[in-house]
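A short reminder: the numbers here are calculations on the coordinates, not readings from a lab. What you see is a predicted model; the values in this text were computed from it and never measured. Cβ: placed from backbone, ideal geometry, glycine included. Neighbour counts: every protein chain shown.
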Amino acid sequence: MPQHDDTESELLEWIEELQQEVAALRLEKRSLRQQVLVAESVIPKYQEALDASQFELWKTQALLNISNQPTA
């Protein structure tokens, strides 16, 4: 049954390729999870810096508004 052997051989090759693709996807998934964890740990630090910068900007704007008011 040469045709059966060929079909079985093709199926085994296809299964092996799929297994390799699955392994590669698992590695990619692991890498993406690591990237997400790093991003999640960095975001609060940037948010704190942004909040502090925003506060300084508002403070400077308020001081400029006070200094630009006409004196009586």
Radius, Kirkwood style, for the chain when every pair of distinct Cα atoms is counted (Å) = 18.2
request  = Place +1 on the Cβ of every Lys and Arg and -1 on the Cβ of every Asp and Glu in the stretch 5-62, take the dipole about the Cα centre, and give the residue among Leu27, Leu50, Leu11 whose Cα lies farthest towards its positive end.
outcome  = Leu50
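For the chain, what does -39500 (n - 2.57) per DSSP helix run (n ≥ 4), summed and divided by total residues, give at 222 nm, in deg cm²/dmol to the nearest 500?
Details: 1 runs with 66 residues, N = 72.
Rounded to the nearest 500, it is -35000 deg cm²/dmol.
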